[in-house]
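Structure record follows, encoded as structure tokens.
The values are calculated or read from the model by the stated rules, or taken from the named source; none is laboratory data. From a predicted model like this one, the values you see are computed outputs, not experimental measurements. Reconstructed Cβ throughout: ideal geometry from the backbone, glycine too, with neighbour counts over all protein chains shown. Keep in mind that these areas ignore ligands, DNA and RNA; they rest on the heavy atoms of the full protein, side chains included. Shrake-Rupley method; radii C 1.70, N 1.55, O 1.52, S 1.80 Å.
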Amino acid sequence: MAMHHYLRLTFILLFVVTSFIVIYFVAKKRRNRKVPKLLSKEKYPSMLEEMKEISVANDNFFNIWPYISELKAAKILSNKIKESELIHKVYRNSTNNFEHVLLVTEQENRFVEVVVDRNKKKAMGYLFLNL
């Protein structure tokens, strides 16, 4: 009978130790999660160049939906806005290297501008834009 109790306590102890290890690694991963990068206007010369507007209906611009998911997870964008109404305008610079996608926020005349490098095929970061 005593052996049965030691075996049961061993399994309980093993379960508790394993649970603590899993909780530790999950917490560590959450802390090290990458958040979208806030840019400054001085760092990107594409903002000073002439920009031309691209039709939002035209799907010829960069796929930013994975980056939008990161912005929503970081609570930079609201989940209340419908995805069909999220993209306000898309601009491309004269050399076709950068795209600037304006995303609607809950506040009127305030946008989140996502800067995309078309050569590297990735979103560089975001800016807040007040009109």
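Mind checking which lysines have their C-alpha under 25 Å from residue 41, skipping anything on the same chain fewer than 8 residues away?
The reachable lysines, counting only those whose Cα sits under 25 Å from residue 41, are 52, 72, 75, 89, 120, 121, 122.
Under a point-charge model restricted to the Cβ atoms of Lys and Arg (+1) and Asp and Glu (-1), what is the dipole moment magnitude of the chain relative to its Cα centre, in debye to the nearest 20?
Values: 22 positive and 13 negative charges, 165 e Å.
It comes to approximately 800 debye.
How many percent of the accessible area of the chain is carbon or sulfur, using a 1.4 Å probe?
Heavy-atom surface of the chain belonging to carbon and sulfur, 1.4 Å probe: 58 percent.
How much FRET efficiency would the formula 1/(1 + (r/R0)^6) give for residue 129 and residue 30, where r is the Cβ-Cβ distance and R0 is 41 Å, rounded to 0.05?
0.85
Which value results for Rg/Rh of the chain when Rg is the Cα radius of gyration and Rh the Kirkwood radius based on the inverse mean 1/r? Working shown, then result.
Values: Rg = 23.2 Å, Rh = 17.8 Å.
Taking Rg over the Kirkwood Rh, I get 1.31.
Lys/Arg Cβ at +1, Asp/Glu Cβ at -1, dipole of the chain taken about the Cα centre: which of 17, 112, 6 is farthest positive-ward?
6
Specify the angular offset, from 0 to 90 degrees and rounded to the nearest 10, of the alpha carbon long axis of helix 2-31 from the longest principal axis of the alpha carbons in the chain.
That works out to roughly 10 degrees.
Using Cα-Cα distances under 8 Å and only pairs 6 or more residues apart, what relative contact order does the chain have, in percent?
Worked out over the chain, it gives 21 percent.
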